[in-house]
Amino acid sequence: MSHGSIGRNLFTAGPRRRGNLAAGGIGEFRDPGYELRRFQFRLGVAGAFVLVAFAVLLGRFLYLQVLQHAYYNTKAEDNRISVVPVAPNRGLITDRNGIVLARNDSAYTLEVDPRRADDLNRLFDELAGVVDIQPKDRKRFRKLLDETRGAESLPIKARLTDEEVARFAAQAFRFPGVEIKARLYRHYPFGELASHVLGYIGRITERDQEWLEAEQLTANYKGTDFIGKTGVEQSYERELHGITGSAQVEIDAAGRGVRTLSSVAPVSGNALALTLDIKLQEVAERAFGKYRGALVAIDPATGGVLAFVSKPGYDPNLFVEGIDPQSWDALNTDPDKPLNNRALTGTYPPGSTFKPFMAIMALELGKRTPEYAINDPGYFSLAGQAHRYRDWKVGGHGAVNLHKSIVISCDTYYYGVANDTDIDRLHDFLSQFGFGARTGIDVKGEQSGLLPSRAWKMKRFNQKWFAGDSISVGIGQGYNLATPLQLAYATTILANNGVVFRPHLVREVVDARTGSHRAIEPEPVATLKLNPKWLALVKSAMVDVTRPGGTAARAGAGAAYTFGGKTGTAQVIAVKQTEKYDESKVGERHRDHALFIAFAPADAPRIALGVLVENGGHGSSTAAPIARIVLDYYLTGKLPDKPPAADAEEEEEDG
């Protein structure tokens, strides 16, 4: 190849070679302008990204710090400050003379938050080394845990001693979720006395919570663990509870309180002053001795309940901390049923205490006149029937008019009155005295008793009313049922000449803030249209019941005042009309109930009462002496050495 050819080849191949070198060959040349532009582009993108990021951060910062400042400031404060509800002190309950019947005592309690305890048994075992925890305490805790789901804390040990408080405080770090709290405990200084009147308080259960929600009271019960369960404690819950306060407490990271920043004081519950005379109540309860039964004494002029007895009673202090299972079982399995409020819910045949009201009805409806008399052969027979309804006295009482029928309690007389009166007219008239309906007393749970009618029997048994059904009604037996409260209530209407006052237990409410007294003013519910002449006749006969010749003569002997009364006996088990009842052959709990109603002084009654003694036998021998003790104390302030006993004849023969 010539030198010229070589030169041409090199010349013509030059550009391609330079391109190959530029593509990365050994002899590569860089373009500085290109590289600079490329770098500047990348730098611009990164700068724009940084600016956008800062803009977003700045926008979020402005949003959080400016627009949402109030919201997050509140959240921060919530984390630092806890709003703690402060439960109010429960209102006191006193009797009519200012004697305290229910108060609040302070004590320390060891409480466990069940949500923070993985193993309760192990926790209790460890706590037992510091504080005396008994098996009953564990059982009570478990019972409370079942009844109060979701509780923040529950007591494992109540009323700690100062030594126990000190021991636990030194080792509190070992027990997260366990703390000592200062609590106010309801205390009933008289124990069983008037327990069925006062009732008791207990821990708020799911059922109570439902009631609070329905009544829109949930907010006011924040921080409150207890609520009234029975008696006045339940019926006047709104008055007694008060208004819950609050405290703003600064807390640390562990949730412990550091200091109180501000507070709104709770308002204590209002105090209640009852119509009850606790000394009279004590006299009445003691008068029952070993007997079970009930007594209600009422001021006829106001309807205020002076004494309200249900024997036996129970100690309401057992329920305050949550009753332990053993005590609960003992109360529920006791054959005497101490939890039963016999005065309010017990229904019994009124027996011969029904006769004065039958007598007024007979006079008002024209079925009898004061002069009309029967010849009592000792039994009554319906026309055309051989069956005999016997009188309590074999051989009868001879000639008996209305006055004598009450004094000697003649059954035969009232068999005839009932037979001559249509049952619906009887029902309508006697219901005016409160039979067969609730009295409306200011405690819950009252039973209505039973005053039968045609409509009732058809609804209950799908049967028509028979003439024989009326016979037993006439002497307070058969379908008749009444509570001791109803008997006392009917007697007040009679004693008050037909003016009806609703019975009540609360006399006045004392405002916790102002100290002002708001009286529960007695107002007549109704005034029965009764002939004063007939009322006077019946009341006069009831006075003679307590005089020589009457069925309660021994109970009335030596009284410093005049009083009217009526004895009664109510069958527990049926006895054939052909057989005579023999108490000695009947088991104690199958014996007749004894009843007595009374009012005193007879000319201007200040007290009226009804007494029932379960399985007491006869009104004259058991119920009337109890009434006499109560009347003596209330009217004279004196107590007899022993209850007046009925004579042998009266114990044997009592209508």
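The values are calculated or read from the model by the stated rules, or taken from the named source; none is laboratory data. Values in this document were obtained by computation on a predicted structure and should not be read as measured data. Don't worry about glycine lacking a Cβ; one is built from the backbone with ideal geometry, like all the others, and counts go over all protein chains shown. Protein only, heavy atoms only, side chains kept; ligands, DNA and RNA dropped before computing areas. Shrake-Rupley method; radii C 1.70, N 1.55, O 1.52, S 1.80 Å.
Can you find a residue in the range 48-63 that is open to solvent by less than 100 Å² (accessible area, probe 1.4 Å), farther than 30 Å from Gln248 by Cα, modelled with pLDDT under 80 and of a type in the set (A, V, I, L, M)? Within the range 48-63, not a single residue is open to solvent by less than 100 Å² (accessible area, probe 1.4 Å), farther than 30 Å from Gln248 by Cα, modelled with pLDDT under 80 and of a type in the set (A, V, I, L, M). Determine whether the range 518-529 contains at least one residue that is out of contact with any Gly (no Cβ under 9 Å at 6 or more places or on another chain), surrounded by 15 or more Cβ atoms within 10 Å (Cβ to Cβ) and not in a loop (DSSP other than H, G, I, E, B). No, because not a single residue in the range 518-529 is out of contact with any Gly (no Cβ under 9 Å at 6 or more places or on another chain), surrounded by 15 or more Cβ atoms within 10 Å (Cβ to Cβ) and not in a loop (DSSP other than H, G, I, E, B). Contact annotation: residue pairs with Cβ atoms under 6 Å, 6 or more positions apart or on different chains, pairing a residue in the range 511-534 that is closer than 30 Å to Ala359 by Cα with a partner that is of a type in the set (D, E, K, R) and open to solvent by 100 Å² or more (accessible area, probe 1.4 Å), are Val525/Arg502. Counting only helices (runs of 4 or more DSSP H) that fall entirely inside the range 157-241 and contain at least 2 residues that are open to solvent by 20 Å² or more (accessible area, probe 1.4 Å), the qualifying elements are 162-170, 206-214, 231-235, 237-241.
Of all positions in the range 389-397, none carries a residue that is closer than 16 Å to Phe357 by Cα, basic (Lys, Arg) and not assigned by TED's automatic domain parsing to the domain that holds Gln234. When we screen Thr439, Thr491 for residues that are β-branched (Val, Ile, Thr), over 22 Å from Asp411 (Cβ atoms) and either buried (at least 24 other Cβ atoms within 10 Å of the Cβ) or without any contact (Cβ under 8 Å) to a residue 60 or more places away in the chain (or both), the only hit is Thr439. Of the listed requirements (1) under 11 Å from the mean Cα position of the chain (by Cα); (2) farther than 28 Å from Ala294 by Cβ; (3) not charged (D, E, K, R), Asn220 misses just one: (1). Hey, any hits in the range 327-336 for a residue that's hydroxyl-bearing (Ser, Thr, Tyr) and within 26 Å of Ile441 (Cα to Cα)? Scanning the range 327-336, I find no residue that is hydroxyl-bearing (Ser, Thr, Tyr) and within 26 Å of Ile441 (Cα to Cα), so the answer is no.
Pairs linking a residue in the range 290-309 that is polar (S, T, N, Q) to a residue that is open to solvent by 10 Å² or more (accessible area, probe 1.4 Å) and not in a strand (DSSP E or B), with Cβ atoms under 7 Å and 6 or more positions apart or on different chains, are Thr302/Pro522.
Taking the conditions exactly as written (in the same structural domain as Thr567 (by TED's automatic domain parsing), among the charged types (D, E, K, R), surrounded by 22 or more Cβ atoms within 10 Å (Cβ to Cβ) and over 26 Å from Lys311 (Cα atoms)), does Asp411 satisfy them or not?
Yes.
Conditions (1) under 26 Å from His504 (Cβ atoms); (2) within 40 Å of the chain's Cα centre (by Cα), marked per residue:
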{"position": "His387", "(1), (2)": "no, no"}
{"position": "Asp391", "(1), (2)": "no, no"}
{"position": "Ile406", "(1), (2)": "no, yes"}
{"position": "Gly416", "(1), (2)": "no, no"}
{"position": "Arg425", "(1), (2)": "no, yes"}
{"position": "Leu430", "(1), (2)": "yes, yes"}
{"position": "Phe433", "(1), (2)": "yes, yes"}
{"position": "Gln447", "(1), (2)": "yes, yes"}
{"position": "Arg454", "(1), (2)": "no, yes"}
